[in-house]
Amino acid sequence: MKLATIRTTDGNLAVRVDNDRCVGLGVPDVGALLARPDWEQLASGDGDGTSHPLEGADFAPVVPRPGKIVCVGLNYRNHILEMGRELPEHPTLFAKYPEALIGAADDIQLAPESDQVDWEAELAIVIGRPVRRASEDEAKEAIAGFSVLNDVTMRDWQYRTKMWLQGKTFEGSTPFGPVLVTPDELPGGTRPALDISGLVDGEKVQHANTSDLVFDPVTLVQYVSTILTLQPGDVIASGTPGGVGHARKPARYLSPGASLVTEIESIGRLENTAVAEGAA
């Protein structure tokens, strides 16, 4: 299944994407859907009787307000090796907050306090059931599906200190969506092997395959759930491949008017424009 949260004249609505239609599911968003123990049955049923055209749909963040957004750094094997670093023994974790999230076609807000705004194309893991200290099988069962996320980062704020959070969660900076795709629809299932790419102003700046992750989605669910209970709707952003602007010589960053496209095979595409915060 492909699930999404769309904006309608009556507010947000969780939908199932069927070909060229969005079938309403009677709950306000995918997060509320996943909170129901019977979410799979509800999502695969007849819906609430409403239907919306897919063309022109206004996609909100697929889970608008996750309880947790756990992000992973340095997690693509080739990228780590090309930088001359050793593969990590454990995942590098940091957090992001829901205020950072925007929809699949929303504008990225460039805060006036930063002039080093960078891109990071990522596979997002969305949790579908509570899980703590997950076994491998429990971790697989806890993954509701996958989506696309770009961990847009204010590098000058990220590197002010050794703690990255302050550069990672600026408000209105992180596109997330357009859909959640369940593992049964993806090659590799809960360990998907999918091409991932990022383009800035039409130039491909990132390209990799999610099979190159050092810590795959199942392993990440196991690891994070050792620390705390993962709840339905929680998100794990699994890390970005090489090609970020900060690593270029000279460095390259997003400026007002820049287009950022983030795409993952079999899941979907984010198309966002960077704008100065507060611009009309």
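The values are calculated or read from the model by the stated rules, or taken from the named source; none is laboratory data. Here the structure is a predicted model, which means the values were calculated and not measured. Because the Cβ atoms are built from the backbone with ideal geometry, glycine has one as well, and the counts that use them run over all protein chains shown. Note: accessible area is taken over every heavy atom of the protein model, side chains too, but ligands, DNA and RNA are not part of it. Shrake-Rupley method; radii C 1.70, N 1.55, O 1.52, S 1.80 Å.
Structure data summary
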{"item": "Options L42, L81, L93: the member that is outside any loop (DSSP other than H, G, I, E, B), aliphatic (A, V, I, L, M) and within 19 Å of the chain's Cα centre (by Cα)", "result": "L93"}
{"item": "Test result for V27, in contact with a Leu (Cβ under 8 Å, 6 or more places away or on another chain) and outside any strand (DSSP E or B)", "result": "yes"}
{"item": "Matching residues in region 165-182 - criterion: being within 20 Å of T92 (Cβ to Cβ) and surrounded by fewer than 19 Cβ atoms within 10 Å (Cβ to Cβ)", "result": "L165, Q166"}
{"item": "Subset of region 1-44 [β-branched (V, I, T) and either closer than 24 Å to V131 by Cβ or open to solvent by 70 Å² or more (accessible area, probe 1.4 Å) (or both)]", "result": "T5, T9, V27, V30"}
{"item": "Cross-chain or 6+ apart pairs with Cβ under 9 Å, region 64-79 first and under 19 Å from L3 (Cα atoms) and in contact (Cβ under 8 Å) with a residue 40 or more places away in the chain, then among the hydroxyl-bearing types (S, T, Y) and in a helix (DSSP H, G or I)", "result": "none"}
{"item": "I69 being of a type outside the set (G, A, S), over 16 Å from the mean Cα position of the chain (by Cα) and open to solvent by less than 20 Å² (accessible area, probe 1.4 Å)", "result": "no"}
{"item": "Strands (runs of 3 or more DSSP E) contained in region 183-280 and holding at least 1 residues in contact (Cβ under 8 Å) with a residue 60 or more places away in the chain and open to solvent by 60 Å² or more (accessible area, probe 1.4 Å)", "result": "195-200, 259-264, 268-276"}
{"item": "Residues satisfying the stated conditions in region 45-55, i.e. surrounded by fewer than 16 Cβ atoms within 10 Å (Cβ to Cβ) and either modelled with pLDDT under 95 or in a strand (DSSP E or B) (or both)", "result": "G45, D46, D48, G49, T50, S51, P53"}
{"item": "Options L254, L165, L260, L230; residue that is within 15 Å of V126 (Cα to Cα) and out of contact with any Cys (no Cβ under 8 Å at 6 or more places or on another chain)", "result": "L230"}
{"item": "The listed residue being closer than 18 Å to V70 by Cα and part of a strand (DSSP E or B), out of G177, G167", "result": "G177"}
{"item": "Test: residue in region 108-118 that is assigned to a loop (DSSP other than H, G, I, E, B), charged (D, E, K, R) and buried (at least 24 other Cβ atoms within 10 Å of the Cβ)", "result": "no"}
